[in-house]
Amino acid sequence: MNCGPRMTELLITPLWARRVTVLLAALIALATLIPAQQLPDAPGTDKLHHAIAFGLLVLPMSFARPQQFWKYALYGIAFGIFIELTQPFVHRSGEVRDAIADGIGVALGCAIGVGLRRLSRR
């Protein structure tokens with residue numbers, strides 16, 4: 001007997017996924033554009049932090065709209081490049097390797113989001 005939509009579909013609707021994505025984008029922008037000396041120490045490497053942040057950025061929308069993951073991947077990569085190009089204007093150093101780590105995170109986040117959505121529909 002089908003009692004309606006699954007819990008995961010109620011929790012991760014496109015509207016909520018969009019809200020979470022905007023919040024994450026704002027947090028990423030804040031963390032990457034404030035002076036580096038104001039950032040707290042965190043375990044792991046800078047590149048790992050980039051990959052995790054950008055993976056989390058695209059995960060909600062890739063889960064909510066898996067058929068459009070490529071669009072969110074492009075947005076995520078463009079956002080990462082924009083940040084790296086902007087950092088020199090706020091006395092931070094933009095790095096190509098950071099943009100590559102962002103892209104790796106985006107690819108993993110999209111893959112995880114689409115994969116989790118497929119699993120949730122079984």
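Things worth noting here:
- Working from label points 7 Å from Cα in the Cα-to-Cβ sense, the S120 to K47 distance is 3.2 nm.
- Dipole of the range 44-122, positive end: most advanced residue of P88, F63, C110 [Cβ charges, Cα centre]: F63
- Positive-end residue, the chain charge dipole about Cα centroid, Cβ charges, pick of L48, L15, A26: L15
- Taking E84, E95 and counting other C-beta atoms within 10 Å, the order from fewest to most: E95, E84
- Footprinting exposure proxy ranking of W70, W16, fewest other C-beta atoms within 10 angstrom first, gives W70, W16.
- Label point at Q38 placed 7 Å out along Cα→Cβ; residues across the range 92-122 whose backbone nitrogen lies under 15 Å: 92-93
No lab work stands behind these numbers, since they all come straight from the coordinates. Quick caveat: nothing in here was measured; it's all calculated off a predicted structure. FYI the Cβ positions are ideal-geometry reconstructions off the backbone, even for glycines, and counts take in every protein chain you see.
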